[in-house]
Each structure stands twice: as C-alpha cells, then as structure tokens.
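Right, one structure below, let's go through it.
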Amino acid sequence: MSDVIQLLPDAVANQIAAGEVVQRPASAVKELIENAIDAGADKIRVLVKDGGKSLIQVIDNGCGMSVTDARLCFERHATSKIRKAEDLFAIRSMGFRGEALASIAAIAHVELKTRRVEDELGSRLEIAGSDVIKQEPEGLPAGTSIAIKNLFYNIPARRNFLKSNPVEMRHIVDEFQRLALAHPRIFFTLHSDDNELFHLPGESLKQRIVHIFGNSYNQRLVPVEEETTIINLKGFIGKPEYAKKTRGEQFFFVNSRFIKDPYLNHAVVKAYEDILPPDSFPLYVLFIEIDPAKIDINVHPTKTEIKYEDERAIYAIIQSAVKRSLGRYNITPTLDFNQETGFSQMISPKPLEEITPPTVTFNPEFNPFDNGRSGGGRQPSPIPQNWDTLYQITQKKEMPSQLGLHGEEEDLQAEPPQTGKKQPFQLHNRYIVSQIHSGFVLIDQQAAHERILFEQFCQQLENRQGASQQSLFPQTVTLNAADFQLISDLLPDIRALGFQIREFGRDTFVVEGIPADLTSGMSERQVLEQLLEDYKNNQAALKLPKREKLARSLARHAAIKPGTALSTDDMAELIDRLFACEMPNVSLSGKPVILTFTLQELSERFERY
Ligand code: ADP
Ligand code: MG
C-alpha cells in the first residue's frame, strides 16, 4: 500500500486553525483590539456593520508595521511578541501565538493599512483566502487599520451558523466591554452600523465602569485593594443590595487579560455569603497582577482560561480581601452617604481619585461575617429580611393537607371559593384564606397575581393592544449599549404590553406611559430596568418564546408582593380573576398557587375520626 499521509496546504491548515481562534465576529473583534493594545495604542476605534458579518474594522494609533512586517503578519506563527519557548512564561502582551491574523486572513477579505511613525509612506494590503492580492505604498496616518469584510465568505457552513445581527452584536459588545474595562486609560469607541454605541475617553477604572454600565453605578461600587507576595489584587465590587439576577457583571482580569474562572468566582461569592439576596450575583471587576512565570495562559487559543501555580492561596487572598472591603462598607455608612450625594463628581473635571474622601474611622479588623465574635460597631443589614424563613407554617412537609397539587389534572379541579358568601381574609399580608364548600383554600397572593397578569399580558401581546396609563412626568431611561439594543429588538412587544416608549437619542428611551396594571409603585425607569433584567435572566434559564418571556417578566414585577395588605374587595377580585384564568393552580414557576384544606383533613388533624 502506498503512503497516504500528506501535509495540508497552508490555506487549508489556516482555515482549520481559524475555526479555533475565530468562532464568530466577536472573536475577530477581540483579536484585533488586542493587537492594537499590544501595539501600544492609546486610541482605538472599532467599526462594525451587520453584527460584524459584513465589516469589522479596528483603527489604532499604535506602533504600525514596516513594509515587510505588513506582509509577514498574516503568516501563521508570525509574531513579534515571543521569540523562544521560554518567552511563553513571561508573557505580558495580549497576543503571542501569531495565529490571529493568519486565521482571519484565511476566512475573510482583509484590508490592512499601516504606517510606522518613522516611515514616510505606509502600506496597504488586500488579502482574500490567505492570498495577498495587492500590496502598495500609500500615504497613511501613523498606526494601523485592519478591516475584515465578509467573514466566513469561503466557508458557507460557518457563515450560516452565525446568529442574527443583534445576537452577534451582543457578543461583540461583550468582548468590547471586557477589553475596555481592562484598559481604562485607552480611549475607545465602538460604532455599529453608523451608531456610536460607546465613546470612552481615557479615564480611571471607576469612571470606566460608570461610563459602561451607567451613572447609577457610581454609588454601587466598593473598592478592593490587597497587596501580597503572591498577587496584587485591585478593583471594585458591587454592594450586595445591587446584586443582579444575571451573571453579566462579573469580570476577572489576570495581568489585564479577561478570564473565566469558576474557582476564583467562587472565592468572591463566598465572601458575600449571608449578605446576598438568594439567587443573585454581585458585580465585580477585579484585577489580579501576578508574575507571568506563575501562570500558564497557553491553555486554549482564545486565552480565557489560565492555570495557576498557587490556586488555593489566590483563592484565600481574594476571599479575604473582598470580605474586608464589604466589612468596611458595612460600617461606614457616612462614607457611602457622601458618595451618593456627590453626583457632581460625575461632571467634575477632576479625576475621581483625586477627590479626597471624607475621613471616616473604622476598625479594619471588624468582621461582620464572623457570627461567633461580637466585633465593634453596629451591623447594618442592607438586605431585607427574608420572609420565607419567618413564616413556614403552611409549607411544612408533614402537613397531611398539602395534597391535591401534584398533578395538573387534579389542579384544574380546585373548587372556586364562593367569595360572595364568606369574606376572604389575609394571613400575614401574604396569603388569602377563603372558605369553600368542603373546607377552605389558602392562596399565595403573589403567585396568584402573577398568574393573572401573565395570562392577561399574553392576551395583550396576542391582540397587540395593552392598556396604558399615561405618566405625568415622562422619564428618560439611559441604558448601556447592549441593553439598548435588546429593548430596541423587543420594542413592538413592549408597546403591546402597554408601554408608551420611544427612542430618544443615543442609548436613551423616553417612557411616557406604562401598562395600566402595574401596581408596584415603581417608577417608569425601574419598571423598564427590572423588566429587562428579568427578561435576560429568563433568557438564560428558559427556552421560551420571546413574548411569553416578556409577559412572564412583567407579571413577575407587576404582581403584588408579600407584605401588601389587601382590602376585602381586592381579595375578592383577585380570587375571581384567578379562577377565570386558564391555569389558576399553577404558578409561573410550576409551583402550587392554591392549597386546599378539606374538613375531612382538619378532622383528622384534630384526631376526631
Ligand atoms: P500575535 O498577536 O499572537 O503576535 P497576530 O496574528 O494577532 O499574532 O499578529 C501577528 C503580528 O502582527 C503581531 O505580533 C504584530 O507584530 C503584528 N500586528 C498585528 N496587529 C498589529 C497592529 N494593530 N499594530 C502593529 N502591529 C500589529
Ligand atoms: Mg494578536
């Protein structure tokens, strides 16, 4: 038998490698921005069209490339960043594998324009499918511009696999935000189809966080700083009461490189133990500086995983530093108060760091998490008391009466209460008790209201006509670019729910009316923000149709909460509307809404057989 092994042509090898480095437009954006950062740029502009499918362009004012380098940079394993294997253990640059440009050139049309400051003329190159089609000298500004057109044009299977433009754009925004957070001193802009989504002047980390996530974050951040022989840690964490239902705002950077690390994430979350509302995720933007010799970044081509020599020690350092910052924040309410009223800081020309904070004394040893020890100072609790742990009487498993609600067939047979005869009443402002012929029912008021509103909103979305209540004072809501995009996509449905809302300049909506059924007393802005937050949360957790997710989110937020006192009329109406629902017995999360207690069961409980 003859030999069968052949070396693949370079273009094919590059296409295969490209699959690893460039999974979607966002990966190309990341690689190009990293190159610009490595080139020492302090100004980086990113232009994107059609979610990156037709154009990704990154323009920097970095060191530029010589004529030869401009041609060489598209070769595989061509890199200026490492020269020998040992260099792999001293990596300070973002790139080092020399794979990105070669991979990109294999799967797109690329135009490179670059000039070094010291050269009179720059070079312009056109490349398609790894072939240089054109190279010519040209008068250019110093720095580099790389435009990637028609990503995956020669791999239709990959191109078809791409998601819709808004989804791809969201991934791009994610990568952009990570890099912009990691390098706050660099000026960044991001344009999508001629809209400027981000305009971030060089600034401090705190200003950058606020710039990206919104002005309200100014008062949500607590600084973290710790210097040890193993690592230096610095950055910001979010106050526990602002923790969100989604993980979106958690960032670890190791030597300025964004990484995903469940183990270190756990260290942070552990530090919040007991002071975080259930199922919520605190914000953090933390930077670990570590000797590059002690880590291995070369685990995966996308470089978002790292191996550490000293994992356990790093875990302990992070956990204790975060705890200490939280402890400090907890016992220095005056400091926070001053920060909150200091809104003018945002428009002050002085960088935030230069503003001397009010002097507050605190005991740095105080540990509010150490329950066994009575530390100094009071212990404010930023978290509302948890209702569920206070009133568990009706939830106890051993109650024989908690039956009838395991299967849906049974559910649907629940006997509607005769509200006309005996008046319903409330227990702990949380449950409604109503007499029925064979005993009584106990209704979870929040779950019931959620069910009612959910079915109502679904109907409205179907008919495209939600009742709206006009706002006396229309509010503008400014969102980060990703959220703005999301709301834009959902606009027709949001309007069908009863929101009167329109775009109002960059990243901003004006809300002139909200659905008529919102009783929660939240402001227009809060309603919209919460809707969005919950929608995103549902999006991760559930595979539901878009409209159902919206209806669900809004119902969740609009529904009355435990602790709301209801009049007898309110209760009667709630019960009537509940039993008019298609599925009165099942809550939005599939739990019971109504528990039925029969006289028979009661007799048994009282041992009167
Ligand atoms: P790596 O970044 O891993 O070295 P790349 O394929 O991303 O590999 O880039 C190859 C080389 O091209 C880099 O090492 C660098 O010398 C050069 N290069 C790429 N982008 C730029 C840029 N924006 N400015 C200057 N040089 C660049
Ligand atoms: Mg690179």
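The values are calculated or read from the model by the stated rules, or taken from the named source; none is laboratory data. What you see is a predicted model, and the numbers here were worked out from it, not measured in a lab. All Cβ positions, glycine included, derive from the backbone under ideal geometry; neighbour counts span all protein chains shown.
A few notes on this one:
- Extreme residue, surrounded by the fewest Cβ atoms within 10 Å (Cβ to Cβ), among residues of the range 103-126 that are closer than 16 Å to Thr68 by Cβ and within 16 Å of ligand 2 (Cβ to nearest atom): Leu112
- Enumeration of residues in the range 461-478 that are touching a strand residue (DSSP E or B) at 6+ places or on another chain (Cβ under 8 Å) and surrounded by 20 or more Cβ atoms within 10 Å (Cβ to Cβ): Gly466, Val477
- In the range 40-56, the residues that are out of contact with any helix residue (DSSP H, G or I) (no Cβ under 8 Å at 6 or more places or on another chain), within 16 Å of ligand 2 (Cβ to nearest atom) and in contact (Cβ under 8 Å) with a residue 60 or more places away in the chain: Ala41
- A Cβ distance below 8 Å, combined with a sequence gap of six or more or placement on separate chains, defines the contacts here; from the range 126-143, residues that are farther than 17 Å from Leu72 by Cβ reach residues that are away from ligand 1 (no atom under 16 Å from the Cβ) and in a strand (DSSP E or B) in the pairs Ala128/His109.
- Test: residue in the range 144-161 that is within 16 Å of ligand 2 (Cβ to nearest atom), surrounded by 19 or more Cβ atoms within 10 Å (Cβ to Cβ) and farther than 15 Å from Val48 by Cβ: yes
- From the options Arg178, Arg208, residue that is at pLDDT 95 or above, more than 20 Å from Val22 (Cα to Cα) and of a type in the set (Lys, Arg): Arg208
- Taking the numbered list (1) crowded, with 19+ Cβ neighbours inside 10 Å; (2) at pLDDT below 85 in turn, Pro277 passes all entries but (1).
The rows are residues; the columns are (1) at pLDDT 90 or above; (2) under 20 Å from the mean Cα position of the chain (by Cα); (3) not polar (S, T, N, Q).
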{"site": "Gln219", "(1), (2), (3)": "no, yes, no"}
{"site": "Val224", "(1), (2), (3)": "yes, no, yes"}
{"site": "Ile230", "(1), (2), (3)": "no, no, yes"}
{"site": "Arg247", "(1), (2), (3)": "no, yes, yes"}
{"site": "Leu286", "(1), (2), (3)": "yes, yes, yes"}
{"site": "Ile297", "(1), (2), (3)": "no, no, yes"}
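- You will find that of Ala555, Ala559, the residue that is under 17 Å from Asp493 (Cβ atoms), modelled with pLDDT of 80 or more, of a type in the set (Gly, Ala, Ser) and crowded, with 20+ Cβ neighbours inside 10 Å is Ala555 and no other.
- Taking first residues from the range 215-229 that are over 15 Å from Leu286 (Cβ atoms) and partners that are loosely packed, with under 14 Cβ neighbours inside 10 Å, the Cβ contacts under 7 Å between residues at least 6 apart in sequence or on separate chains come to Asn215/Met346; Asn218/Met346; Gln219/Glu340.
- Scanning the range 46-69 for residues that are outside any loop (DSSP other than H, G, I, E, B) and either touching a Leu at 6+ places or on another chain (Cβ under 6 Å) or away from ligand 1 (no atom under 12 Å from the Cβ) (or both) turns up Val46, Leu47, Val48, Lys49, Asp50, Gly51, Gly52, Leu55, Ile56, Gln57, Val58, Val67.
- Unmet requirement for Arg178, which otherwise passes all of (1) crowded, with 16+ Cβ neighbours inside 10 Å; (2) in contact with a helix residue (DSSP H, G or I) (Cβ under 7 Å, 6 or more places away or on another chain): (2)
- Candidates Thr79, Thr114 - the one that is at pLDDT 95 or above, within 8 Å of ligand 1 (Cβ to nearest atom) and not charged (D, E, K, R): Thr114
- The residue that is nearest to Val117 (Cα to Cα), counting only those in the range 57-83 that are of a type in the set (A, V, I, L, M) and either over 25 Å from the mean Cα position of the chain (by Cα) or more than 14 Å from ligand 2 (Cβ to nearest atom) (or both), is Met65.
- Given (1) within 13 Å of ligand 1 (Cβ to nearest atom); (2) at pLDDT 95 or above; (3) not aromatic (Phe, Trp, Tyr), index of the condition Arg124 fails: (1)
- Counted residues, the range 549-602 - those being in a helix (DSSP H, G or I) and either in contact (Cβ under 8 Å) with a residue 60 or more places away in the chain or within 33 Å of the chain's Cα centre (by Cα) (or both): 23
- Of all residues making up the range 124-160, the number that are of a type in the set (Gly, Ala, Ser) and in contact with a Gly (Cβ under 9 Å, 6 or more places away or on another chain): 3
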